[in-house]
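Encoded as structure tokens, the structure appears first; notes follow it.
The values are calculated or read from the model by the stated rules, or taken from the named source; none is laboratory data. Just so we're clear, the structure is a prediction, and the values are computed from it rather than from any experiment. Cβ: placed from backbone, ideal geometry, glycine included. Neighbour counts: every protein chain shown.
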Amino acid sequence: MKLFERFPVTVSNSLGGQKETFKPLIEGFVGMYVCGPTVYNHVHLGNVRTFLTFDIISRYLRHLGFKVRYVRNITDVGHLENDADDGEDKIAKKAKLERLEPMEVVKNYTEGFHEVMRQFNILPPSIEPTATGHILEQIEICKKLLDAGIAYESNGSIYFSVRTYNQLQPYGILSGRNIEELMESGRDLDAQDEKREKIDFALWKKASPSHIMRWNSPWGPGFPGWHIECTVMSTKYLGETFDIHGGGMDLKFPHHECEIAQASAANGKPPVRYWIHSNMLTVNGQKMSKSLGNSFLPAELFSGNHPLLSRGFSPMTVRFFMLQSHYSSTLDFSNEALQAAEKGYRRLFNALLALKALKATGFAETSSATGAGLASLADDCYKNMSDDFNTATTLAVLFEMSSRINDLHAGVLKTSEITESDFKKFADTYIMMMEDVLGFLPEQQEGSAHLKGAMDVLISLRKKAKADRNFQLSDKIRDDLKSAGIQLKDGKDGTMSWEAE
Ligand code: AMP
Ligand code: ZN
């Protein structure tokens, strides 16, 4: 029996708000689309949380034996400021500011994004399409929506008529918003406005003479809207209806709501079966966001060079910190939580190393309660991961397993009490959960080499301070290192060694 049949997966579907048994359209195959970054800026730690959520989902589904086609786009045109229909294109604005060609901005930040994903061991998607690579398809869908009478042209731009759509099918099913209220809310339109109603959204925007990102269209030079790119790229690579669509919670409205309306209107069927939204990383309860000024970059996190950080933390510590919460809960950043995560991660990783080094022989011939207990811990990992990808409860089971590994290592728990098959199930599950599913890697080697070099310098400074009888300085070096998580140990013969907590 396949793993995905033994451990059926449940998913919290944002559409309907229920936990449902996950059943893909095609047996054994999963199509998943995740809204990728808008590449006008470096990704911050909040963005990393969302991409990590979908890394875990694709890793786990693959581990269970599904073939996953994971499409994550790059938004390189059409995302206007404040997610609105007016204002500047984020990439065009940055290009002007940096005096670069827009595609240079796109290349720089796309490369930066890939580097961050690599640092956190977030695996690449199967396909990474760009919005500018799909202009023709976006024009085609605009034509289709115009022909269907659901979109209209106004002064060289194309808008989606939400009222017309809503007469055919309800608008607002994902975010649960009330259309009447939406029609009333927001800024009133004036004579300059191209839209018929303020709730309508742009599918195609006319480019003003100074707008640098522009393509020819049947309506004159222009550029695509933000929502339409995801509809085009998801359906092109995954079909008109596909299994999972993901993104951060903040994309539910208007972005994903508009995607549902456009795709349903163009193709006559709902585009997505399971909508999954990852919750926000917050700082003091406020969403981490570049515009709020409370964001920091992964590089700042590694170096500790930011006012919000007490010191640097490794990518794997951060990965562990994030996975300690379920993706649907908010997660508040704190130095204390990261310090605790560092310890937790080391404990689990050290147990992994101990398990791999264990020379397990002399197993029991008959099963025992102890062996069955180990095997059931392995099942618990799968039960928790299959329960809406609950990494938080899975980590709690792995902690329990790490204690058993330490017992085995210390000889408190003996292999003679366990059958080989119970041991193998326990050991294989621990290794696969840590490495394949949760994606933990050993701490970066180059980081440790640098740390070792820096520690050698500090130890020789402290030895010199002691020799000079400058005990104030020598104590300060010891105490400051301690608060940075490094313990200095003085040997009897004047030698000094150190240990990271
Ligand atoms: P953007 O590049 O702004 O389009 O964002 C890329 C992804 O990061 C989207 O799925 C957002 O929903 C997500 N995101 C933005 N801010 C946060 C945050 N503070 N916590 C978690 N995800 C976020
Ligand atoms: Zn999108």
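With respect to the stated conditions, Thr38 is within 11 Å of ligand 1 (Cβ to nearest atom), assigned by TED's automatic domain parsing to the domain that holds Ser210 and more than 25 Å from His326 (Cβ to Cβ).
When the residues of the stretch 104-134 are narrowed to those that are crowded, with 20+ Cβ neighbours inside 10 Å and of a type in the set (Val, Ile, Thr), which ends up nearest to Pro442 (Cα to Cα)? Selected residue: Ile122.
Working carefully through the options Gly248, Gly304, Gly293, Gly312, find the one that is within 15 Å of ligand 1 (Cβ to nearest atom) and not assigned by TED's automatic domain parsing to the domain that holds Asn166. So that I can check it myself, show each step before the final result.
On the way: Gly248 fails: not assigned by TED's automatic domain parsing to the domain that holds Asn166; Gly304 fails: within 15 Å of ligand 1 (Cβ to nearest atom); Gly312 fails: within 15 Å of ligand 1 (Cβ to nearest atom).
Testing whether each residue is within 15 Å of ligand 1 (Cβ to nearest atom) and not assigned by TED's automatic domain parsing to the domain that holds Asn166 leaves just Gly293.
A residue that is in the same structural domain as Leu25 (by TED's automatic domain parsing), outside any helix (DSSP H, G or I) and in contact (Cβ under 8 Å) with a residue 60 or more places away in the chain cannot be found anywhere in the stretch 182-194.
Leu352 meets all of the listed conditions (1) within 26 Å of Met117 (Cβ to Cβ); (2) surrounded by fewer than 19 Cβ atoms within 10 Å (Cβ to Cβ) but one, namely (2). Elements of the type strands (runs of 3 or more DSSP E) sitting completely within the stretch 229-311 and holding at least 1 residues that are crowded, with 20+ Cβ neighbours inside 10 Å and small (Gly, Ala, Ser): these cover 242-248, 272-278.
Against the condition touching a Phe, Trp or Tyr at 6+ places or on another chain (Cβ under 8 Å) and within 10 Å of ligand 1 (Cβ to nearest atom), how does Met233 come out, does it pass?
Values: touching a Phe, Trp or Tyr at 6+ places or on another chain (Cβ under 8 Å): yes; within 10 Å of ligand 1 (Cβ to nearest atom): no.
For Met233, the condition - touching a Phe, Trp or Tyr at 6+ places or on another chain (Cβ under 8 Å) and within 10 Å of ligand 1 (Cβ to nearest atom) - is not met.
Candidates Asn305, Asn350: the one that is modelled with pLDDT under 95 and not charged (D, E, K, R) is Asn305. All of Lys67, Lys90 fail the test of being away from ligand 1 (no atom under 16 Å from the Cβ) and under 22 Å from the mean Cα position of the chain (by Cα), apart from Lys67. Pairs linking a residue in the stretch 42-61 that is under 25 Å from Thr10 (Cβ atoms) and within 16 Å of ligand 2 (Cβ to nearest atom) to a residue that is charged (D, E, K, R) and at pLDDT 95 or above, with Cβ atoms under 9 Å and 6 or more positions apart or on different chains, are Phe51/Arg72; Phe54/Arg72. Within the stretch 223-276, restricting attention to residues that are more than 12 Å from ligand 2 (Cβ to nearest atom) and charged (D, E, K, R), the residue that is nearest to Ser208 (Cα to Cα) is Lys236. For the stretch 359-393, which residues satisfy the criterion of being assigned to a loop (DSSP other than H, G, I, E, B) and in contact (Cβ under 8 Å) with a residue 60 or more places away in the chain? The answer is Ala360, Phe363, Asp388, Phe389, Asn390. The set of residues from the stretch 277-308 being under 20 Å from Leu52 (Cβ atoms), in contact with a strand residue (DSSP E or B) (Cβ under 7 Å, 6 or more places away or on another chain) and among the small types (Gly, Ala, Ser) comprises just one member, Ser278.
I'd like the residue in the stretch 325-347 that is assigned to a helix (DSSP H, G or I) and acidic (Asp, Glu) and, out of all such residues, is farthest from Met434 (Cα to Cα). Steps first, answer last, please.
As a first pass, look at the stretch 325-347 and keep what is assigned to a helix (DSSP H, G or I): 335-347.
Filter once more, keeping what is acidic (Asp, Glu): 336, 342.
Details: Glu336: 23, Glu342: 15 Å.
Here the answer is Glu336.
Is it the case that some residue within the stretch 211-222 is buried (at least 24 other Cβ atoms within 10 Å of the Cβ), more than 16 Å from ligand 2 (Cβ to nearest atom) and modelled with pLDDT of 95 or more? Yes, the stretch 211-222 contains a residue that is buried (at least 24 other Cβ atoms within 10 Å of the Cβ), more than 16 Å from ligand 2 (Cβ to nearest atom) and modelled with pLDDT of 95 or more.
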